[in-house]
1. State whether the residues of segment 18-29 include one that is free of Cβ contacts under 8 Å to residues at least 12 places away in the same chain and part of a loop (DSSP other than H, G, I, E, B).
2. Condition first: of a type in the set (V, I, T) and assigned to a loop (DSSP other than H, G, I, E, B). Now tell me which residues in segment 1-17 satisfy that.
3. Can you confirm whether V59 is in a helix (DSSP H, G or I) and either within 16 Å of the chain's Cα centre (by Cα) or at pLDDT 60 or above (or both)?
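The values are calculated or read from the model by the stated rules, or taken from the named source; none is laboratory data. From a predicted model like this one, the values you see are computed outputs, not experimental measurements. All Cβ positions, glycine included, derive from the backbone under ideal geometry; neighbour counts span all protein chains shown.
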Amino acid sequence: MATCPECDADMEVDEFDVDKGDLISCPECGSNLEVTSLSPLELEAADEDDDDEDDDDEVEEEEAEPEEAEVEDDAEDKEDWDE
C-alpha cells in the first residue's frame, strides 16, 4: 500500500510489480507519480518538465544546425576571395 503525495489517497501498488523510477498515475486525482523507493514503497510527484525539456533540446539542436551551415558558407566565401 502506498499513499499519493498529492491527495493522500491510499493506493494499492504491489512493490513486486513496479521498479524504482517507474511512473504511475493516482486513480483518485490523476497525478503522475514516480516510484522513489521500493522498501518501503514511496512515491513522489513526477517532474512533468522532463517531456518539455526533451522537446526544447530537439528545437535547440535543430536551430544549431543552420548556424553550423552558415559557418561553412562563410568559409567558402573566404576561399572565393583567395582565388
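1. First, the residues of segment 18-29 that are free of Cβ contacts under 8 Å to residues at least 12 places away in the same chain: 25.
Now drop any that are not part of a loop (DSSP other than H, G, I, E, B), which leaves none.
Checked segment 18-29: no residue is free of Cβ contacts under 8 Å to residues at least 12 places away in the same chain and part of a loop (DSSP other than H, G, I, E, B).
2. Applying the first criterion (of a type in the set (V, I, T)) to segment 1-17 yields 3, 13.
Correct list: V13 only.
3. Working: in a helix (DSSP H, G or I): yes; either within 16 Å of the chain's Cα centre (by Cα) or at pLDDT 60 or above (or both): yes.
It is true that V59 is in a helix (DSSP H, G or I) and either within 16 Å of the chain's Cα centre (by Cα) or at pLDDT 60 or above (or both).
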